[in-house]
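Have a look at the structure below before the remarks.
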Amino acid sequence: MTVYESILDAIGGTPLLRLKRLGEGVRPRIYAKLEFQNIGGSVKDRAALSMIRAAERAGLLEPGGTVVEGTSGNTGIGLSLVAAQLGYRSVIFAPAATAAEKIRLLRAFGAEVHLVADFVPRSDPGHLANQAAAFAASTPGAWLALQYDNPANPQAHLESTGPEIWADTAGSVTHFVASVGTGGTISGTGRYLKQASDGRVQVIAADPEHSRYGGGNGSLKYTEGAGHPLHPASTEDIWPEAFDTALVDKFISVSDRDAIFTARRAAREEGLLIGATGGTALAAALNLAETLDEERTIVVILPDSGRNYLSTYFDDHWLTSLGFLEPTTPEGTVRSLLTSAPAGVQLLASDLTAAEAVVELHSRDLAPDEPVFLVLDRGETFGTVHPREVVGVVTLRSLESVDPASLAVAAGIPYRTVAAGLPVGERTSQSAGRGLSETADGRHGAGLGVVAVLVDGRIAATIP
Ligand SMILES: Cc1ncc(COP(=O)(O)O)c(C=O)c1O
């Protein structure tokens, strides 16, 4: 047994667990590194402690100071628990869509939490990073952690996570798999393992589908804490300095569905209650394992606990509401309505003028009242998109009645989203999609009542 004199000494030193059931039938050995055993519940405790200690050494954080950061939760939890121990105030900016459990944990550890819009261009003053920076700049004694660019973030993993894995596998690790948020974990650990093995260890980045890191178009995802989305109105795509992409030998892309359901399998089959970034990494590791022989050893990082997501990934109603789960009896569900209604979704870029949109819709040969979703522009590549990226609905008829020079977006009306798996009777109770009811003022397409059907959290069809 270990005796600690300080809670801060209990950060790091997490065990490896051989995955017997999930890894059954695969040739290589798969070990999971249980980062949810850190005291704040995630891998980010390591980076938080390292960044605060580095700031103190550099004289950037002094007694009575305030720790500030923009974070999807876990880094904030780590920073606030370390800050409280060392006598600092902590102020955390988090996206409004962050799982409720993480927001509550932040407050429980003493953080002052500010929720901000979660999908705005980087240049927008409302962006998470800009809000945190503005607060830090106007607060005497404040220090902004800047985890995305802070070298003390990957350094934490170079000094702890990497050496732990090397020692605990007695140098037998051949493949290291991790999801990438700031890139701190994969870069620091990857660098250590490459150095220790003379370059033999392969570093694999498990990346949410559509993430820019793995070459996607930056569409949103439900996997919280990893991947790199990009708002279409962003003028530049800024990657974190903490992420050393040169270390990555391979990216493996994992859908939200695979991430979530692999996390759920891990809970039931291995007793490992983990979040979706752990599910992403595990799914990638299992995929990789198919290509390897029995001489190989994979180590996969499980960054945080499923306790953070009991109201989301582990909640059947949440999953059903987004179309990830079907009810046990499919008859009478929204999906059953789609067999008779035309499936498929028409999408239009939101930066077209009404006149351009009319030309475009005529070229698609659409009926005058067929609903079209206005999406945030993804140029040539947009396909089915995350509901939060959809601005509203127009029809050819509604566009023809507005000023041709005005932005098509001005004619957008709200729509509702409904899950494919819900019973038909429940479909009206679903949340409204993001629309522009204030600009629609009932003139254009009033009463259209478009319902967007969600399958795997994405708009896959419409029903009248
Ligand atoms: C749940 C979760 N998984 C994975 C990561 C990725 O870790 P890193 O920032 O070291 O790349 C984070 C970090 O923000 C996280 O919160």
### Query
Can HIS231 be described as farther than 21 Å from GLU164 by Cβ, surrounded by 24 or more Cβ atoms within 10 Å (Cβ to Cβ) and of a type outside the set (Lys, Arg)?
no
### Query
Of all residues in region 175-199 being of a type in the set (D, E, K, R) and touching a helix residue (DSSP H, G or I) at 6+ places or on another chain (Cβ under 8 Å), which is farthest from the ligand (Cβ to nearest atom)?
LYS194
### Query
So is SER187 in contact with a Pro (Cβ under 8 Å, 6 or more places away or on another chain) and under 30 Å from LEU8 (Cα atoms) or not?
yes
### Message
Against the conditions (1) more than 15 Å from the ligand (Cβ to nearest atom); (2) β-branched (Val, Ile, Thr); (3) modelled with pLDDT under 95; (4) buried (at least 24 other Cβ atoms within 10 Å of the Cβ), where does VAL116 fall short? Just the number, please.
### Response
(4)
### Message
Considering only residues that are at pLDDT 80 or above and surrounded by fewer than 15 Cβ atoms within 10 Å (Cβ to Cβ), which ones fall in region 398-422?
### Response
SER401, ASP403, PRO404
### Task
Return yes when ILE274 is more than 15 Å from the ligand (Cβ to nearest atom), in the same structural domain as LYS221 (by TED's automatic domain parsing) and surrounded by 23 or more Cβ atoms within 10 Å (Cβ to Cβ) and no when it is not.
no
### Task
Check whether at least one residue in region 178-197 is part of a strand (DSSP E or B) and either assigned by TED's automatic domain parsing to the domain that holds LYS221 or modelled with pLDDT under 95 (or both), and report yes or no.
yes
### Task
Could you list, in sequence order, all residues of region 27-41 that are basic (Lys, Arg) and in contact with a Leu (Cβ under 8 Å, 6 or more places away or on another chain)?
ARG27, LYS33
### Task
Report whether or not SER363 is at pLDDT 90 or above and farther than 17 Å from ARG416 by Cα.
yes
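To keep it simple, each residue is scored yes or no on (1) of a type in the set (Gly, Ala, Ser); (2) away from the ligand (no atom under 16 Å from the Cβ).
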site	(1), (2)
PHE109	no, no
PHE135	no, yes
SER160	yes, no
VAL173	no, yes
### Query
Right, GLU35: in the same structural domain as SER179 (by TED's automatic domain parsing) and within 21 Å of ASP9 (Cα to Cα) or not?
yes
### Task
Being over 23 Å from PHE36 (Cα atoms), at pLDDT below 95, touching an Asp or Glu at 6+ places or on another chain (Cβ under 8 Å) and hydroxyl-bearing (Ser, Thr, Tyr) narrows it down to one of SER219, SER234, so name that one.
SER219
### Message
I'd like to verify a number: residues in region 299-337 that are more than 18 Å from the chain's Cα centre (by Cα) and within 16 Å of the ligand (Cβ to nearest atom), how many?
### Response
2
### Message
What pairs come out if I take residues in region 270-281 that are at negative phi and at pLDDT 95 or above and pair them with residues that are of a type in the set (Lys, Arg) and more than 10 Å from the ligand (Cβ to nearest atom) whose C-beta lies under 7 Å away, six or more apart or interchain?
### Response
GLU270/ARG21; LEU273/ARG307
### Task
Kindly check whether there is at least one residue in region 286-309 that is among the small types (Gly, Ala, Ser), farther than 18 Å from SER253 by Cα, assigned by TED's automatic domain parsing to the domain that holds GLY25 and touching a strand residue (DSSP E or B) at 6+ places or on another chain (Cβ under 7 Å).
yes
### Selected residue (only one of ARG268, ARG212 is among the basic types (Lys, Arg), surrounded by fewer than 24 Cβ atoms within 10 Å (Cβ to Cβ) and either under 22 Å from ASN74 (Cβ atoms) or within 15 Å of the ligand (Cβ to nearest atom) (or both))
ARG212
### Query
Can you find a residue in region 85-105 that is crowded, with 19+ Cβ neighbours inside 10 Å, closer than 17 Å to GLY141 by Cβ, within 16 Å of the ligand (Cβ to nearest atom) and among the hydrophobic types (A, V, I, L, M, F, W, C)?
yes
### Message
So, in region 36-84, exactly how many residues are away from the ligand (no atom under 14 Å from the Cβ) and of a type in the set (Lys, Arg)?
### Response
2
### Task
Sort through ALA263, ALA259, ALA283, ALA233 and tell me the only one that's more than 12 Å from the ligand (Cβ to nearest atom) and either under 13 Å from the mean Cα position of the chain (by Cα) or part of a helix (DSSP H, G or I) (or both).
ALA283
### Message
Against the condition crowded, with 23+ Cβ neighbours inside 10 Å and either modelled with pLDDT under 95 or within 22 Å of GLY13 (Cβ to Cβ) (or both), how does PHE243 come out, does it pass?
### Response
no
### Task
Looking for whichever is modelled with pLDDT of 95 or more, of a type in the set (Gly, Ala, Ser), under 14 Å from LEU146 (Cα atoms) and not assigned by TED's automatic domain parsing to the domain that holds THR223 here; the options are ALA129, ALA48, ALA84, ALA111. Which one fits?
ALA48
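The values are calculated or read from the model by the stated rules, or taken from the named source; none is laboratory data. No experiment lies behind these values; they were computed from the predicted model shown. Virtual Cβ from ideal backbone geometry, glycine too; neighbours counted across all protein chains shown.
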